[in-house]
Amino acid sequence: MRRALVTGGSRGIGAAISTALAGAGHAVAVHCRTGVEQARAVVDALPGTGHTVVTGDVADPVQVKEFVAKAVAELGGIDVLINNAGVYFHHPITSSYEDWQAAWRRTIDINTHGVANTTWCVVDHLLHRPEGPGGAKVITVGSRGVFRGEPDAPAYGASKAAVHSMTQSLAIALAPHGIACAGVAPGFVNTEMAVDLLAGPDGGAIRAQSPFGRVAEPEEVASAVAWLATPEAQWASGTIIDLNGASYLR
């Protein structure tokens, strides 16, 4: 049985990824920061056995080390890391200087430093485990905003650009160890993060960005991540898969 850690796995895309991986036979550690009850509800609904909940703030390097260690202990190891936890703050350039700094600091701490630190801790485990790291996967959820732009949330776009680049750099660095690294770049997804925008006056225009006339469902992102997690997808290492319903082409 393969074992997976999904950060931000208690809701939205993360919960859908946890479900997809469990359905494919993985034992899953569902990570959350504070939503323990929600994470436990996700775990209770997962098919299969051996699943667990781990908690911690991905912005805190000490807590990252602790929840990765707990996932390793409770699953008996990690074969697949899904870097999904992230935040989005509205902070156009017209924000106050104080709000601008705060948005950048928190966004980078979670979306970039958190991903980098979680990845380091999992890779350190992989490189030192007795059976070796071969066949392991590191998969990161990025964003269409890296390419299309995020005019009202520039820190979000920048943070996701950083992890796209990190993913591709590590795909080269870790290939000699048999570890594959890849990412996905979703556009708008029907999650709690986007629900207010989709229900508001701009909802129609957002859906119209795609020629399908809708936004993605979390399960559509999860299916791509679950494929990247398979041994057969090793040759996709270094890839960032666009999942935006043809709303942005590059």
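Quick notes
- In the condition set (1) out of contact with any His (no Cβ under 9 Å at 6 or more places or on another chain); (2) surrounded by fewer than 22 Cβ atoms within 10 Å (Cβ to Cβ); (3) not in a helix (DSSP H, G or I), His31 is compliant with all but (2).
- If the condition is being over 21 Å from Arg250 (Cβ atoms), outside any helix (DSSP H, G or I), modelled with pLDDT of 95 or more and among the small types (Gly, Ala, Ser), then segment 172-212 contributes Gly178, Ala180.
- Single residue of segment 91-145 satisfying the filter (among the acidic types (Asp, Glu) and modelled with pLDDT of 95 or more) that is surrounded by the fewest Cβ atoms within 10 Å (Cβ to Cβ): Glu98
- Matching residues, segment 131-145, being of a type in the set (A, V, I, L, M) and part of a strand (DSSP E or B): Val138, Ile139, Val141
- Among the candidates His125, His113, His91, the residue that is in a loop (DSSP other than H, G, I, E, B) and more than 16 Å from Cys32 (Cα to Cα) is uniquely His91.
- Condition check for Val195: of a type outside the set (Phe, Trp, Tyr) and free of Cβ contacts under 8 Å to residues at least 24 places away in the same chain: yes
- Residue within segment 217-225 that is in a loop (DSSP other than H, G, I, E, B) and either buried (at least 17 other Cβ atoms within 10 Å of the Cβ) or at pLDDT below 95 (or both) present: no
- Among the residues of segment 175-200, those that are surrounded by fewer than 20 Cβ atoms within 10 Å (Cβ to Cβ), within 17 Å of the chain's Cα centre (by Cα) and closer than 29 Å to Gln101 by Cβ comprise Glu192, Met193, Ala194.
- Search result, residues across segment 34-56 that are more than 20 Å from Thr191 (Cβ to Cβ), part of a loop (DSSP other than H, G, I, E, B) and in contact (Cβ under 8 Å) with a residue 24 or more places away in the chain: Pro47, Gly48, Gly50, His51, Gly56
- When segment 34-53 is filtered for residues that are under 19 Å from Glu192 (Cα atoms) and crowded, with 24+ Cβ neighbours inside 10 Å, the ones remaining, listed by number, are Ala39, Val42.
- Residues being under 22 Å from Thr230 (Cα atoms), in contact with a His (Cβ under 8 Å, 6 or more places away or on another chain) and of a type in the set (A, V, I, L, M, F, W, C) - total across segment 151-205: 1
- Hey, Ile172 aliphatic (A, V, I, L, M), over 17 Å from His90 (Cα atoms) and crowded, with 18+ Cβ neighbours inside 10 Å or not: no
- Residue satisfying all of: in segment 57-76; under 29 Å from Ala161 (Cα atoms) and part of a loop (DSSP other than H, G, I, E, B); farthest from the chain's Cα centre (by Cα) among these: Asp60
The values are calculated or read from the model by the stated rules, or taken from the named source; none is laboratory data. Predicted, not measured: the structure shown is a model, and the values here were computed from it. Positions of Cβ are backbone-derived with ideal geometry, glycine not excepted, and every protein chain shown enters the neighbour counts.
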